[in-house]
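The structure appears right after this line, and notes come after that.
Only the coordinates and a few stated rules stand behind these numbers; no lab work does. Values in this document were obtained by computation on a predicted structure and should not be read as measured data. Ideal geometry is used to build each Cβ from the backbone, glycine not excepted, and the neighbour counts take in all protein chains shown.
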Amino acid sequence: MRILIWTITFILTAVGTLPANATSVIAKSPEYAAVCTEAVAAAEREHRLPKRLLAAISLTESGHWHKEKQEMIAWPWTVYAEGRGRYLPNKAAAVKEVRMLKAKGVTNIDVGCMQVNLYYHPEAFEDLESALDPTQNTHYAAQLLKSLRDESRSWNLAIAHYHSRNSKFYVPYRQKVMKIWRKERRKATDARMNAARKAYKLKREQLAERIKEASQRRFTEENARKLTSAPAS
C-alpha cells in the first residue's frame, strides 16, 4: 500500500540503479515468478470479481520488475514495513524477516501478494505461515475487496478503501490501480484476440490439409478406375 515506493522502484529499475539484492530476487527464484498471478486469477474467479481488478491491485501492492519479461509482476514474498519494501527470495526468508521486525517491536507490517496489513487485520490468518501463503493471502484480499464493494456499492470506493479511508492517501492510490487495471484489461483482451487468431489460423490449416487429402484420394481413385476400365492390349 505504497505508491511512492512502487514508483521509485520502477524508475530505479528502469535505469539500472537498484541495489543488487533487489534486482536479482526474481533471477534467484524464477520458480516463484507466476505464483501471485496464478493465485490472484483463482481468487478473482472464485469471488467473481471484475476481471483483472485484483491483479491490478496486486501489482500496485507487491509489483516487482521482471527483467526478462520487461514487465512488473506481483511478488509473493514481499514484506513492507518502516517505510520500505523488502523483496525476499522465498517464503522462509519472508517469514524470518517479519519475525525479526516483530522482535524489534514493529507491528505495522504488510505481507504477501496483496500486502495484507497484519496490524489492521489481526484475525485474517491463523499464523504468519498462512499470511504468507499466496492462496490464503489473495483469497483474504478478494473477500476484503468484495466486502468493501458491498459496503460502498462502488468498485471505485472499494479500491480506494482497500488502501485507506483517508482521501489524501486513497486518491493517488486509486489512480494508480485504475491505470494498471486498464493496462491489464488491454493485455487480457490482446491475449484473447491472439489466441482467437491462432485458433482460426490452425483451423484454416487443418481445413486446407483435409481438402488436400480429399483431392489426393479422388485423384488416386480416378486413376485406379481408369486402370481397371482400360482394355487389355
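Annotations for the structure displayed:
- Close pairs from region 164-182: first closer than 21 Å to Y119 by Cα and without any contact (Cβ under 8 Å) to a residue 12 or more places away in the chain, partner part of a helix (DSSP H, G or I) and not basic (K, R), Cβ under 6 Å, at least 6 apart: Y170/A160; Y170/H163
Residue-wise test of (1) of a type in the set (K, R); (2) under 29 Å from L88 (Cβ atoms); (3) surrounded by 10 or more Cβ atoms within 10 Å (Cβ to Cβ).
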{"position": "L118", "(1), (2), (3)": "no, yes, yes"}
{"position": "A131", "(1), (2), (3)": "no, yes, yes"}
{"position": "R174", "(1), (2), (3)": "yes, yes, yes"}
{"position": "R185", "(1), (2), (3)": "yes, no, yes"}
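- One residue alone among A124, A158, A141 is over 15 Å from the mean Cα position of the chain (by Cα) and buried (at least 20 other Cβ atoms within 10 Å of the Cβ), and that residue is A158.
- Given (1) in contact (Cβ under 8 Å) with a residue 60 or more places away in the chain; (2) farther than 21 Å from L54 by Cβ; (3) not aliphatic (A, V, I, L, M), index of the condition T138 fails: (2)
- Number of residues in region 145-156 that are free of Cβ contacts under 8 Å to residues at least 24 places away in the same chain and out of contact with any Lys or Arg (no Cβ under 8 Å at 6 or more places or on another chain) equals 8.
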